[in-house]
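The values are calculated or read from the model by the stated rules, or taken from the named source; none is laboratory data. Note that the structure is predicted; figures quoted are calculated from it, not measured. Neighbour counts are summed over all protein chains in view; Cβ atoms, including those assigned to glycine, are modelled from backbone coordinates with ideal geometry.
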Amino acid sequence: MPHPLLQNLIDYAGLFPPASLPLAEAWGHYGRYRAQPEAWLLGNFIIPVGQLSAASELPTTASYPLSVLGQGGIIASDWLHNLTADMAAIVRTHATTPHRAHACEVRLPSEVLAKGNAAELSQLIAHGKQILGGIALFVEVPYEGDWAVWGEWLEVATAALSQLNGTVGLKIRCGGVAAHQFPSLRRLATAVLLARDGRIPLKATAGLHHPVRHYHDSVHTHMHGFLNLFGGAALAHAHGLSHAQLTAVLGEEDPSAFKLESGGFQWRHWQIGGEEIGRLRPLLTSYGSCSFDEPCEDLSELRVLSD
C-alpha cells in the first residue's frame, strides 16, 4: 500500500551520473518501472530541455510526467531569455506528444545571488514563474566549489522565495560523484529549516540512492539518506525541531531507528501521523535519483514498510 511519505517521491534521473544512461535506455527503464508493483514510489522523468525533441520521437503510448531541467543563466537577462526558450520547447512537446511537463528545475543566476538582494531576486523568480504558467518551478542555488558561498547564497534565495507564498520551490543538491559535492549535515539541516520557516516547497537531488545515511566507498564519504531527509523534514514541520535535533535525524545511521507504520513516520521518540504527512507533502515534494531499483530493494530489505 502506498505510504504518504514515499508516494511519488522518486523522480527518475537515469540520464545523469553515475548512471548516465542514453535517453532511449533510460526512457525504457522508466516505462518498465511504471508497470512494477513499486510504481507508487515513482514520480517524474527528469530530462534536460535540450533532449525534449529527441524524447518526442521515442515510442510510447503512455503519457509520461516530466520534470524539465532548464538552461539557466549567469546573469538575469540570460536567465529569463533561456527560461522563455525552455517554455517554448515545453509547449512544442505538449503539442506533439502525450507527455506533460509537471515541473521545471533551473539554477539561479550567480550574478544576482552574489548581489545579496533578496527583493531583486524575488522579482526575477516571480517573472520566471509567470513565464512557466501552471508548471511548477524549482530553483537551485548553484554549488561552485565553495560551500561557504553556497550557504550565503542559500540565505538570499530562501529569503527571496519566502516572499512568493509557496508558489516556487527550492531544489537542494545532496551529493554527487565526489566527496566534496556532499553538503555537511549542518548545511543540509540549515537548508531544510530555511525552507520550513519560509513555507517553501522542497525538492532534492543527487546522492540519495539509499533510505538511510551510510558511508559509501564509491564516493569515500557518507551519503545522505532519503528517509533521514524527508522524514526529518516532516518531523521538523510537525514538531518545530531545532537545528541540533534535525541534524541528529539527518545523521542517523541505524535503520532500526526508523519506522513507517499505518501511514505514519517515526524516528526514535519523534513521530508524525499519516494525515499530517499528507498535508505536508506539497512542501516535501520529491528527489531525483538515477536509480529506482536501489531504493526499492533497500526499502524491501530494511522492512521499514509495514503496510
Looking at the stretch 103-126 only, could you name the residues that are farther than 23 Å from VAL91 by Cβ and of a type in the set (Val, Ile, Thr)? VAL112
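Residue-by-condition table, conditions (1) touching a strand residue (DSSP E or B) at 6+ places or on another chain (Cβ under 9 Å); (2) within 30 Å of ALA160 (Cβ to Cβ); (3) touching a residue at least 60 places away in the same chain (Cβ under 8 Å):
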{"site": "GLY198", "(1), (2), (3)": "yes, yes, no"}
{"site": "HIS222", "(1), (2), (3)": "yes, no, no"}
{"site": "ASN228", "(1), (2), (3)": "yes, yes, no"}
{"site": "ALA233", "(1), (2), (3)": "yes, yes, no"}
{"site": "SER242", "(1), (2), (3)": "no, yes, no"}
{"site": "GLU253", "(1), (2), (3)": "yes, no, no"}
{"site": "LYS259", "(1), (2), (3)": "yes, no, no"}
{"site": "PRO282", "(1), (2), (3)": "no, yes, yes"}
{"site": "ASP293", "(1), (2), (3)": "no, no, no"}
In the list LEU66, LEU42, LEU15, which residue meets the criterion of being closer than 20 Å to ARG107 by Cα, modelled with pLDDT of 95 or more, in contact with a Lys or Arg (Cβ under 7 Å, 6 or more places away or on another chain) and not charged (D, E, K, R)? LEU66
Tell me, which strands (runs of 3 or more DSSP E) lie completely within the stretch 137-229 with 2 or more residues that are closer than 20 Å to ALA103 by Cβ and at pLDDT 95 or above? 168-173, 202-205
Matching residues, the stretch 235-256, being more than 20 Å from VAL192 (Cα to Cα) and surrounded by fewer than 16 Cβ atoms within 10 Å (Cβ to Cβ): ASP254, SER256
Taking the residues in the stretch 132-146 that are out of contact with any Phe, Trp or Tyr (no Cβ under 8 Å at 6 or more places or on another chain) and surrounded by 16 or more Cβ atoms within 10 Å (Cβ to Cβ) as candidates, determine which candidate is farthest from LEU284 (Cα to Cα). LEU132
Looking only at the stretch 267-307, how many residues end up being under 20 Å from the mean Cα position of the chain (by Cα) and charged (D, E, K, R)? 5
Residue count, the stretch 88-104 (criterion: in contact with a helix residue (DSSP H, G or I) (Cβ under 9 Å, 6 or more places away or on another chain), assigned to a helix (DSSP H, G or I) and either of a type in the set (Gly, Ala, Ser) or surrounded by 15 or more Cβ atoms within 10 Å (Cβ to Cβ) (or both)): 3
